[in-house]
Structures are given as C-alpha cells and as structure tokens.
Amino acid sequence: MFGLLVTPPPQVARDLAIRLPLTHALPVMDKVLSHHILPGSPPHTQLNFTENHVIASTALLKSAVQRTRVERVVRLANGSSESAGESWSRAIMILNGFPSPFLQQAFWDDRGFIGLPDFDWEEFKVLGEFDGYEKYSGQKYLKGKTPSEVVVAEKIREDRLRARGYRVVRWVWDDLRDARRLVAL
C-alpha cells in the first residue's frame, strides 16, 4: 500500500486477538469486519473483509489455543459497532455477563426519525449511548453546528426516546478505563 509492504488487516486483527485482552481486541475485529473502507486506504480500493478472511488467516496458526482465542473474538465481533469506544463497551458487557444488545437500531416516532442508539436492550426498554469527546468537538461530527447545538439536539433526541418508554444510559471514555463504572451504570 502506497509502495510499502503492509500486513493485511484480517491478519493484524487475528494477531491482536491472540495477544490483547477482549477490551482491546474486539474494537480492532469490529473495525475489520465493518463494511467501511479502512482509514488510509487508497480511495479506489474496496477493502471489505468478512469473517471468512479472518478465519482463513486463523487456519494458518499452528496453536489450537491461539485459533480458539481468535475464533472467540470473531464470534463476538459486530461490524455494526461505530467506534472503538462502542466496541470496548461491548467487550466489558460481554465479560460481565450482560445480555447481548442490538446495535444501531433505528427509532422513529410520530415526528419522524429519532436516531440510532448505540445499544438497545429491547426486553428491558434500556438504550445505551457511548459518547466520545469527538462527537462534541470534531468538525466531522459537528457538521457546522456549535458544540452547544449538538448537546441540545442530543437532549431533544433523548427526550423523544424517553417518551417512547425507554431509559437512556450514557457513558464516556473514563467509564471504560475502569470497567466497574460502566457496570454500575
């Protein structure tokens, strides 16, 4: 890539799944299995990978323990996760026995589209939102709005979700660095 020899993303995800804890391996695997072009890829390249790419790379491992570890991360991966923080959150949830949430489910009301909450535990009427700081400061996410306008829009969105009978739980990076904080929320 760009004249450099690089390791293919499925192999990188495989190798990190062997060496890293789930909280750090799952974000990488989620990203590799998402259907978005990976950052830094040439614009003409479609680098969409599937579980089969990672499994094929995993089959080359001599250690059954390593293959099992990678296969577990692949089974838990979900390309619908939209950020490393969401993936890390899900890893903490998995490690702490949380029920599996739906990811990025569309919500509507009589006013129209509300949004795509990060996590949906429909059976409990609980929605979860991981908020990275970029959401309120990065121009890519602000889309011409001020941070305060984004915060107010989020509040209105959350009020509309509550009006549908949902409880909304929010957390930030600090809550992931100490998993007990996320679990308590």
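What the table shows:
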| item | result |
| --- | --- |
| Qualifying residues in segment 54-111 (those that are under 17 Å from the mean Cα position of the chain (by Cα) and of a type in the set (D, E, K, R)) - the one modelled with the lowest pLDDT | 82 |
| Residues satisfying the stated conditions in segment 159-185, i.e. closer than 20 Å to residue 83 by Cα and assigned to a helix (DSSP H, G or I) | 173, 174, 175, 176, 177, 179, 181, 182, 183 |
| Qualifying positions in segment 144-174 - open to solvent by less than 50 Å² (accessible area, probe 1.4 Å), out of contact with any strand residue (DSSP E or B) (no Cβ under 7 Å at 6 or more places or on another chain) and closer than 16 Å to residue 134 by Cα | 150, 153, 154, 172 |
| Residue in segment 15-33 that is modelled with pLDDT of 90 or more and in a loop (DSSP other than H, G, I, E, B) present | yes |
| The one condition in (1) open to solvent by 30 Å² or more (accessible area, probe 1.4 Å); (2) out of contact with any Lys or Arg (no Cβ under 9 Å at 6 or more places or on another chain) that residue 121 fails to fulfil | (1) |
| Condition met for residue 114 (more than 23 Å from residue 22 (Cβ to Cβ), at pLDDT 95 or above and surrounded by 14 or more Cβ atoms within 10 Å (Cβ to Cβ)) | yes |
| Total residues in segment 3-26, condition touching a residue at least 24 places away in the same chain (Cβ under 8 Å) and among the hydrophobic types (A, V, I, L, M, F, W, C) | 6 |
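The values are calculated or read from the model by the stated rules, or taken from the named source; none is laboratory data. No experiment lies behind these values; they were computed from the predicted model shown. Neighbour counts are summed over all protein chains in view; Cβ atoms, including those assigned to glycine, are modelled from backbone coordinates with ideal geometry. Note: areas computed on protein heavy atoms with side chains; ligands, DNA, RNA excluded. Shrake-Rupley method; radii C 1.70, N 1.55, O 1.52, S 1.80 Å.
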